[in-house]
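All remarks here apply to the structure that follows.
Nothing in this text is a laboratory measurement; each read-out follows from the coordinates by a stated rule. All values derive from a computational prediction rather than experimental measurement. Here the Cβ positions follow ideal geometry from the backbone for every residue, glycine too, while neighbour counts run over all protein chains shown.
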Amino acid sequence: AQDECRSDRWIEKRGLGAFLARIGAVVNLLRKICCSDKWLSKLDPWVKVLSVQDDQRVTTEDLNQIILENPSCRILVLRSWDISCPEDLLTHQEEVRRILSPVEPSRRKAEFLVDELRLTHSTLIGVHARRGDYKHFLEGKLYYSWEQYASWIKQARKALQSEGVSKVGFLLCSDEKPPKASFKDLPVHYSSAERPIEDLHSLSLCDYLMGPPSSFGTWASWHGDAPRLILESDACITDRKQFEPTLYC
């Protein structure tokens, strides 16, 4: 008890609490600076901010040219929708996965959910049912009904069972909640994630994935190295080989 009191007095005397508070304040300040073009511009030429139009693709050659044109730059902030560096991604994929993994609390929630499902299922198929904005995107071409998703789930289960997989389960992640009767008598479990990142990581932990064309599903498949089946409206699932690895994202 006396040692604990001495520790308390030492912390108070040395101002450790105030020091840690200052560190937190510095971190918050740096975050604000990183989100502010005004402040980042003051760090030029060491920090360079470049914005690219959404319809313009940035390749490895483009990045190399940018670096050559800015020899004093130490940090490059690139705002672009389409950055395509497939060879570099293959070379550094494990490091990219590590850097872009969710924060620990989100990972823990996703891992707990999937671990629970694996207690009763030997194979887990993640189903990404993107609804919301797809109702109007491309005139609803990719807005599939819950009945259609149920049909695909039945097909996938039958295909795997024909290969000797007896305990197939499905994790459904969606931006809409389906009616309770939609998947009656099917081994479908609904995600109750509070944040999209938790759904994204949960899907990446599944053995297989299926869903409409979407960068959400592409990322989950690539990050978790989970073979994926992209569902078009006329898709018919008959073979496990229809699920293919995602090499790029």
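Here is how the numbers come out for the structure above:
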| item | result |
| --- | --- |
| With at most 12 other Cβ atoms within 10 Å, longest stretch of the chain clear of loop GluC sites (Glu not before Pro) (DSSP) | 1-162 |
| Choice from D37, D199, D82 with maximal GNM fluctuation in the chain (Cα, 10 Å cutoff) | D37 |
| Helix 146-161 vs. the chain, principal-axis angle (Cα, 0 to 90°, nearest 10) | 80 degrees |
| Net +/- balance of residues flanking A159 in space, Cβ distance below 11 Å, scoring K and R +1, D and E -1 | +3 |
| Cα centre as origin, Lys/Arg/Asp/Glu Cβ charges: the range 104-242 dipole, Debye | 260 debye |
| Hz values of 3J(HN,Hα) by residue in the range 39-44 - Karplus curve (6.51, -1.76, 1.60), Gly and Pro given as x | 6, 5, 5, 6, 9, 5 |
| Links that overshoot a 27 Å alpha carbon limit, given the list K154/K177; K109/K167; K141/K167; K158/K180; K109/K180 | K141/K167 |
| Extension gain (nm, one decimal) between D225 and I67, 0.36 nm per residue minus Cα-Cα | 53.8 nm |
| Fully extended contour minus Cα-Cα distance, from D54 to C85, at 0.36 nm per residue | 9.5 nm |
| From the coordinates shown, Rg/Rh (Cα atoms, Kirkwood Rh) corresponds to which of [x] 0.98; [y] 1.09; [z] 0.94 | [y] |
| J(HN,Hα) series, the range 183-189, from Karplus relation 6.51 cos²θ - 1.76 cosθ + 1.60, nearest Hz, glycine and proline x | 10, 4, 6, 10, x, 9, 10 |
| 3J(HN,Hα) from dihedral phi, the range 69-85, Karplus parametrisation 6.51/-1.76/1.60, rounded to Hz, x for glycine, proline | 7, 10, x, 8, 6, 10, 10, 10, 9, 10, 9, 8, 7, 10, 10, 10, 9 |
| Fraction of beta bridges assigned by DSSP in the chain that are antiparallel (%, nearest 5) | 5 percent |
| Test item: Cα-centred dipole of the chain, Lys/Arg +1 and Asp/Glu -1 on Cβ, debye | 840 debye |
| At R0 = 25 Å, FRET efficiency that the Cβ-Cβ distance of K167 and R107 yields, to 0.05 | 0.50 |
| Degrees separating the helix 104-118 axis from the principal Cα axis of the chain, which is the longest one | 20 degrees |
